[in-house]
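Below: the structure, in structure tokens.
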Amino acid sequence: MRRTLVLTAAAAALAGLGATTPGATLAPPPGATPGATPGSASGSAPGAAEGTRTKPRPLAGLRILVSNDDSMRAARENNSDGLGLYELRRAMCAAGADVVVMAPWQVQSGKGTAVSNGGALTAQRRTALPAGYEGDCAGAPSRGAVFGVCLAEGGCAPDSPSATPADTVKLALRGGLAAKVGWRGAPDLVVTGINSGPNVSASVNDSGTVGAAVAAIDQEVPAIAFSSSGDASQTRFPRENYRAHAEFGARLVAGLAERGLLTSAFALKVDYPDVSAGRRAKAPVWTRVGAGAVAHHAYERRGTGDTFDIALGLCPVDGSGAGECAEPRGDADSVWLLHRGHVTVAPITWDRTYGTPVDARRELRAVQRYVEREAPRP
């Protein structure tokens, strides 16, 4: 049976292909010291004048691991390969957290909780970050170190196969963080995303963003999975959506930590609506994972041969779909996110046994109450 971990200590402390070149250094980030204690990132922001008073940072003292399923490249024009990760890293560091990224080397969307059962993993430091994100974590002990994880020995080449999202979290928690940045013990929190596109309804089962969060709670580390809607076409993923979600997410984490509500009994799935056209996101809503589909896989046979092309089908965004596109649940995440424009929050558990009694009911009720009554507004 999994134990529930409520981080009261954290609450008390609160008073892209050009990612890297083959053979790039794997040394720990400059200034990192083995066994550095949480809280050492709570000083003045870089560049603050000596003796000036700075605004308290609500996540000072927390160590946060960031991963995703979109990779750490951030090179595609439509922003679907990891730009959201850098916005999440930026917001968490700005709030005072000590952040380290271990993410897949290549895009791994749709991998769910898949893991690699053989071979070797290499965690290679990214030495040149995307433009505009270079100095985001300069004042943190780990300097916001970013590692891409490939399924290869010795080093990661541009075409190296990638670790899965769950691989990156398991590697980080089972020795990777200690070896690369000197962290002793588990991080206080794992955050995954921000995914390019929502993870709602039936898509949740396929989501590598959610799968990485499940890998964290499976190791008794609290986790939150963040996903943002794309624009109206759902083929482009504007920076505005990622940034709004990341800044909201940092405030959400701060509120949970302040109340001692970071728990490993379940993960939270937080999805953000499209705000790129100027519409403001509506208040957070506690939801269930939808029973219908928003997107589905289709398989089209090539002539009369043995090959089938894989295609992605999209259900009507107005909720008028039938069959697998129909949504029978009024409190479904897809209904509140896509049709009503709210931020949606849903609890996710590792236990797939049907009919299992809910554990940690007190924590579940407390988190639901926080989301419904006290959580920050977008």
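The values are calculated or read from the model by the stated rules, or taken from the named source; none is laboratory data. No experiment lies behind these values; they were computed from the predicted model shown. Because the Cβ atoms are built from the backbone with ideal geometry, glycine has one as well, and the counts that use them run over all protein chains shown. Only protein heavy atoms, including side chains, enter the accessible area calculation; ligands, DNA and RNA are left aside. Shrake-Rupley method; radii C 1.70, N 1.55, O 1.52, S 1.80 Å.
Structure above, values below:
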read-out	value
Tabulated pairs, the range 354-373, first more than 22 Å from Leu252 (Cβ to Cβ), second surrounded by 12 or more Cβ atoms within 10 Å (Cβ to Cβ) and among the hydrophobic types (A, V, I, L, M, F, W, C), C-beta under 6 angstrom, 6+ apart or interchain	Asp359/Ala265
Within the range 119-171, considering residues that are charged (D, E, K, R) and under 20 Å from the mean Cα position of the chain (by Cα), the one surrounded by the fewest Cβ atoms within 10 Å (Cβ to Cβ)	Glu134
Pairs, first farther than 23 Å from Thr235 by Cα in the range 292-313, second open to solvent by less than 60 Å² (accessible area, probe 1.4 Å) and modelled with pLDDT of 90 or more, C-beta under 9 Å, six or more apart	Arg301/Asp309; Arg302/Asp309
Any hit, the range 253-274, residues being buried (at least 16 other Cβ atoms within 10 Å of the Cβ), charged (D, E, K, R), at pLDDT 95 or above and in a strand (DSSP E or B)	yes
Qualifying residue in the range 307-328 (condition: under 22 Å from Glu220 (Cα atoms) and either crowded, with 18+ Cβ neighbours inside 10 Å or modelled with pLDDT of 90 or more (or both))	no
Residues that are open to solvent by 10 Å² or more (accessible area, probe 1.4 Å) and on the phi < 0 side of the Ramachandran plot, drawn from the range 99-115	Gln106, Val107, Gln108, Ser109, Lys111, Thr113, Ala114, Val115
Given (1) touching a strand residue (DSSP E or B) at 6+ places or on another chain (Cβ under 7 Å); (2) at pLDDT 50 or above; (3) open to solvent by less than 10 Å² (accessible area, probe 1.4 Å), index of the condition Ala19 fails	(2)
Filter result for the condition that a residue is assigned to a loop (DSSP other than H, G, I, E, B), touching a strand residue (DSSP E or B) at 6+ places or on another chain (Cβ under 7 Å) and not acidic (Asp, Glu), over Phe237, Phe226	Phe237
Whichever residue in the range 334-357 is within 13 Å of Arg288 (Cβ to Cβ), out of contact with any Pro (no Cβ under 8 Å at 6 or more places or on another chain) and not hydroxyl-bearing (Ser, Thr, Tyr) and, among such residues, is least open to solvent (accessible area, probe 1.4 Å)	Ala346
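Residue by residue, here is whether (1) aromatic (Phe, Trp, Tyr); (2) part of a strand (DSSP E or B); (3) modelled with pLDDT of 95 or more; (4) under 21 Å from Glu220 (Cβ atoms) holds:
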| residue | (1), (2), (3), (4) |
| --- | --- |
| Gln124 | no, yes, yes, no |
| Tyr133 | yes, no, yes, no |
| Arg143 | no, no, yes, no |
| Phe147 | yes, yes, yes, no |
| Asp167 | no, no, yes, yes |
| Leu173 | no, no, yes, yes |
| Gly176 | no, no, yes, yes |
| Ala179 | no, no, yes, yes |
| Trp183 | yes, no, yes, yes |
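Conditions tested, residue by residue: (1) modelled with pLDDT of 50 or more; (2) part of a helix (DSSP H, G or I).
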| position | (1), (2) |
| --- | --- |
| Gly47 | no, no |
| Gly51 | no, no |
| Lys55 | yes, no |
| Ala60 | yes, no |
| Glu87 | yes, yes |
